[in-house]
Amino acid sequence: MTLRQQRFAEDVNSAIAVCEQYGWPFTDFHQTDNSLTFAYTKNNNKQLVSICISDDYPENTFITRHDNEDCSEYSNESIKNIIMGLNRELREGSIDRSDSMDTDNSCYEDCPETLDTDEDEEDDDGVDYMDEYDQMREGEEVEINPVLLRDMEKLWGCYGEHVMDYRAFESIEEVDTEIKINLASLLEREIAEAWNLDRLQPLVIRLNLSLSQYLDAPRPPLIQVLHSSKSGIISQLQKVLADFISEQWGRLSNSFIQQLYDEAEQKTQTASCTPQPHCDESSQTAHDRNIARLMEMGFTADQALSALVINNGDLLLSVNHLMGGQSTSDGQTTAQASDSSLPPKPSGSGYRRQTSHPSGAKRIKKISRLHSVDPKDIPKDPGIIDLTKDGDDFTLVPTSLWFGKKSKRIPSPNLGFLIQVYQYARQRIPTLNEFCVVCDDAHVFQNGAMLKPSVCSRELCVFAFQTLGVMADAAESVATGAEVVDLLIAMTRSACVSPRRDTIFSPYPTVVDPTKSTELALNPKSKDYDKVRKILEIIPPVSQLVQIEPSKIKRQMEEKNVLAYPLLQWIISSNRSHIVKLPKERRLSFMNTSHQYLLLQNPPAKEKVFQDLKKKHGSEFAFHGSSIENWHSIIREGLLVGSGTKLQVNGAAYGNGIYLSPNSSTSFNYSRMYKSGKQKNESASRFLDHGRSMTCIALCEVISHPSLKKSGAIWVSPESDHVCTRFFFVYEAGQCGEDVNTQHKNNLQAIQDAVNFRA
């Protein structure tokens, strides 16, 4: 049973238990792995309801009422919520729950403002049940656990009322909370597009909590992560948060959180040199907000509280106090305290485990104005980071927490469980690409993390990834990005048939045998290049695949070879770069090819480092030439410094590093493109011809750092983090690019305009 089916079964059992407990009129439940049928009686007639779940349950759940099949509908609610909604309809408005804190931004679609009930509808006795309900409930408040209520107030006070809605179900002693994460403050536009996320829509974390027991409930709450985009990132984050909540649940209790609140209030009152009256509500909220901001920077709640007390509540002075290494409440300096939480450095060289903090020298800087300081009063100091634009959002994008603390750092529960979940989610989102989508362990890459999330190389994770329906659907990818799929196949095929395949065909495909799901049909531990080549030959050209209905692609490919479709899925899902075919109006005309692509590889952390370096040193554009057979590895593992390694093909006369050139003709030589007497005109074909003489070249942005060595037309960057791919150009047999100089004013302007393009 998959995790999705297990959750479905648990939801069904919970719904049946609720029906039995409260005598709801639903009977004859029959459940399979993917469906549920039951009956209810209306107007003395038994009606049947069928519910079919999708691979992304609870999203896209299909509901059919057999008395009126034209009213079939989709729902994103859990089974229990669906049945509760049906029960409400049957009772014609007599609802055993109250709707609280509903706003226009709420994800709930059945709030009182949007109910399609007929307020004039009466029963046989002439009684309007909605009026009776309103009279009965008038003036009555929802009874919520006091610790839960205080947690809610803390979250609203620290981050604003827009970050959470809730809805109470008194009849079943439950409350659903919706915590909303603003993605625009966490992800750059390119990153969100690469992850298939609409950053302008909030990400919603829905927790199903006990209304009266709250943290003393025996089981962790059910969690749903909801977003308007259909992205694998959502499923990954839901698993991450479910594991986090499950782990924390055994450590927390209502009495423990209440004790933390009491201790914090006592410290606030007694730590000051002069006695102060009890803080009013507004000052306490501001105090909590300042603590929350400091905690998001990586400081403990005790450190934040002590710094605020010492500096009379001034957030700016408290930040500079902590960043300056002043003594904390436990006697350690902040630098010492943070060092103790860092993992030990790995021995040896070569591969390293990527963390959320970018590599490089770390300098402690002071922070400039927040809301408590007038910006006019701040002296301009190069050692000060200006956060005036992001004063409301204290998350440092990406999750480069101060002193190198990792994004998996557990936030303190001092401000409550809800804030703990909110802060942990914000920490994890920008660095989800750095961790396996299944086991959540950090990826190990020679050049650090890549842009797109992926599964690690562990066989158990590969099995789970490919058998649980998490992997990208090849048919959908063909339908939405056929030209990119065509390019990915060309790269894999070129690497597979290359004489250097032992070196460059990395990663080798890992594919589960569809006829025996406990075995690998393609295994990196026992590489069979001829087997992969034969399967690739069976995969139809993408120009043919786009003519086939998406629902039939898999079946037609399996008829030829059962491994053809799984291999195609692996080729698509293992790509960790963001590639988009440029439309005609966005192409660089001087590159003399119609096959032009946007190619982005940097994850949030590395892109942030790159942009910071760019502000300091500036940047330039240059070409990088490499045979297309090498790009199978480059788009999955990054652009590496190959000098002095087995990856080196050409000499390194100008030193070790990534070789670049402002002249395309120089880089074309590295791509094995040579001018012939007869040249082919620019191809008007939508797809590549997959010829053996196909060549390519990349246009990169490189930091103008003093370490960048320029020797005429040959540039060498010793630091791979200083080079970012931006565009990719492919030339078919007989085609040859023009000699283009990126330093030319007109060319440079065209390149800069193209860089601003967003797919």
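The values are calculated or read from the model by the stated rules, or taken from the named source; none is laboratory data. This one's a predicted model, so the numbers in the text were calculated from it and none came from an experiment. Cβ atoms come from the backbone with ideal geometry, glycine included; neighbour counts cover every protein chain shown.
I'd like the residue in segment 559-587 that is at pLDDT below 90 and over 22 Å from I191 (Cα atoms) and, out of all such residues, is surrounded by the fewest Cβ atoms within 10 Å (Cβ to Cβ). Applying the filter and picking the extreme gives E585.
Considering segment 667-684 alone, what residues qualify as being in a loop (DSSP other than H, G, I, E, B), at pLDDT 55 or above, surrounded by fewer than 18 Cβ atoms within 10 Å (Cβ to Cβ) and not basic (K, R)? If you could, list the steps in order and put the result at the bottom.
Filtering segment 667-684 down to residues in a loop (DSSP other than H, G, I, E, B) leaves 671-684.
Next, from what is left, pick out any that are at pLDDT 55 or above: 671-673, 680-684.
Retained after the next criterion (residues that are surrounded by fewer than 18 Cβ atoms within 10 Å (Cβ to Cβ)): 672, 680-682, 684.
Of everything in segment 667-684, those that are in a loop (DSSP other than H, G, I, E, B), at pLDDT 55 or above, surrounded by fewer than 18 Cβ atoms within 10 Å (Cβ to Cβ) and not basic (K, R) turn out to be N681, E682, A684.
Outside any strand (DSSP E or B) and either in contact with a strand residue (DSSP E or B) (Cβ under 9 Å, 6 or more places away or on another chain) or crowded, with 17+ Cβ neighbours inside 10 Å (or both): does that describe F590? The answer is no for F590.
Residues considered: S50, S54. Of these, the only one that is in the same structural domain as L86 (by TED's automatic domain parsing) and at pLDDT below 85 is S54.
Of all the numbered requirements in (1) at pLDDT 80 or above; (2) under 36 Å from the mean Cα position of the chain (by Cα); (3) within 22 Å of C724 (Cβ to Cβ); (4) surrounded by fewer than 18 Cβ atoms within 10 Å (Cβ to Cβ), G655 misses one, and that requirement is (2).
List pairs: first residue in segment 32-56 and under 17 Å from I16 (Cβ atoms), second residue outside any loop (DSSP other than H, G, I, E, B) and of a type in the set (D, E) anywhere in the structure, Cβ distance under 8 angstrom, at least six positions apart or on different chains. Filtered contacts from segment 32-56: T37/D28; F38/D28; A39/D28.
Tell me yes or no: at least one residue of segment 158-177 is at pLDDT below 90, aromatic (F, W, Y) and touching a Lys or Arg at 6+ places or on another chain (Cβ under 6 Å). Explain how you work it out, then say what you get.
Pass one, segment 158-177, residues at pLDDT below 90: 158-161, 167-174.
After this cut, where a residue has to be aromatic (F, W, Y) as well, the list is 159, 169.
Filter once more, keeping what is touching a Lys or Arg at 6+ places or on another chain (Cβ under 6 Å): 169.
Yes - at least one qualifying residue is present in segment 158-177.
Which of the residues spanning segment 722-747 are assigned to a loop (DSSP other than H, G, I, E, B), of a type outside the set (A, V, I, L, M) and touching a residue at least 40 places away in the same chain (Cβ under 8 Å)? Working first, answer last.
Initially, segment 722-747 is screened for residues assigned to a loop (DSSP other than H, G, I, E, B), giving 732-740, 742-744.
So of that shortlist, the ones also of a type outside the set (A, V, I, L, M) come out as 732, 734-739, 742-744.
Once the filter is applied, which keeps residues that are assigned to a loop (DSSP other than H, G, I, E, B), of a type outside the set (A, V, I, L, M) and touching a residue at least 40 places away in the same chain (Cβ under 8 Å), segment 722-747 yields E732, G734, Q735, C736, G737, E738, D739, T742, Q743.
Against the test of being in a loop (DSSP other than H, G, I, E, B) and either over 25 Å from H722 (Cα atoms) or among the basic types (K, R) (or both), the options Q569, Q556, Q547 yield a single qualifying residue, Q547.
Among residues belonging to segment 142-168 that are aliphatic (A, V, I, L, M) and closer than 15 Å to V421 by Cβ, point out the one that is surrounded by the fewest Cβ atoms within 10 Å (Cβ to Cβ).
Start the filter on segment 142-168 by keeping residues that are aliphatic (A, V, I, L, M), which leaves 142, 144, 147-149, 152, 155, 163-164, 168.
From what's left, closer than 15 Å to V421 by Cβ: 147-148, 152, 155, 163-164.
Working: V147: 21, L148: 24, M152: 20, L155: 25, V163: 18, M164: 22.
Selected residue: V163.
In the set A482, A472, which member is surrounded by fewer than 20 Cβ atoms within 10 Å (Cβ to Cβ), at pLDDT 80 or above and among the small types (G, A, S)? Reasoning before the result, please.
Values: A472 fails: at pLDDT 80 or above.
Being surrounded by fewer than 20 Cβ atoms within 10 Å (Cβ to Cβ), at pLDDT 80 or above and among the small types (G, A, S) holds for just one of A482, A472, which is A482.
Among the residues of segment 682-699, none qualifies, meaning not one is over 33 Å from the mean Cα position of the chain (by Cα) and under 19 Å from E620 (Cβ atoms).
Name the residues in segment 184-203 that are part of a loop (DSSP other than H, G, I, E, B) and of a type outside the set (K, R), would you? Can you show your working first?
Quick first cut of segment 184-203, residues part of a loop (DSSP other than H, G, I, E, B) only: 186-188, 195-202.
Once the filter is applied, which keeps residues that are part of a loop (DSSP other than H, G, I, E, B) and of a type outside the set (K, R), segment 184-203 yields L186, L187, E188, W195, N196, L197, D198, L200, Q201, P202.
In the set Q238, Q224, Q201, only one residue is buried (at least 21 other Cβ atoms within 10 Å of the Cβ) and either in contact with a strand residue (DSSP E or B) (Cβ under 8 Å, 6 or more places away or on another chain) or not β-branched (V, I, T) (or both); that residue is Q224. State which residue is farthest from I579 (Cα to Cα) when the search covers only segment 146-183 and only residues that are charged (D, E, K, R) and part of a strand (DSSP E or B). Result: E174. Kindly evaluate L613 against the criterion of being in a strand (DSSP E or B), under 25 Å from the mean Cα position of the chain (by Cα) and of a type outside the set (V, I, T). Spelling it out, it is not the case that L613 is in a strand (DSSP E or B), under 25 Å from the mean Cα position of the chain (by Cα) and of a type outside the set (V, I, T).
The set of residues from segment 509-535 being under 32 Å from the mean Cα position of the chain (by Cα) and either crowded, with 18+ Cβ neighbours inside 10 Å or farther than 23 Å from F465 by Cα (or both) comprises P509, T510, V511, V512, L520, A521, L522, V532.
Yes/no per residue for (1) touching a helix residue (DSSP H, G or I) at 6+ places or on another chain (Cβ under 7 Å); (2) assigned to a loop (DSSP other than H, G, I, E, B); (3) under 22 Å from C439 (Cα atoms):
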residue: L209; (1), (2), (3): yes, no, no
residue: S212; (1), (2), (3): no, yes, no
residue: V225; (1), (2), (3): yes, no, yes
residue: Q236; (1), (2), (3): yes, no, yes
residue: K239; (1), (2), (3): no, no, yes
residue: E247; (1), (2), (3): no, no, yes
residue: Q259; (1), (2), (3): no, no, no
residue: A264; (1), (2), (3): yes, no, no
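The residues on offer are S627, S720, S711, S664, and the sole one that is surrounded by fewer than 22 Cβ atoms within 10 Å (Cβ to Cβ), under 19 Å from S594 (Cα atoms) and at pLDDT 85 or above is S627.
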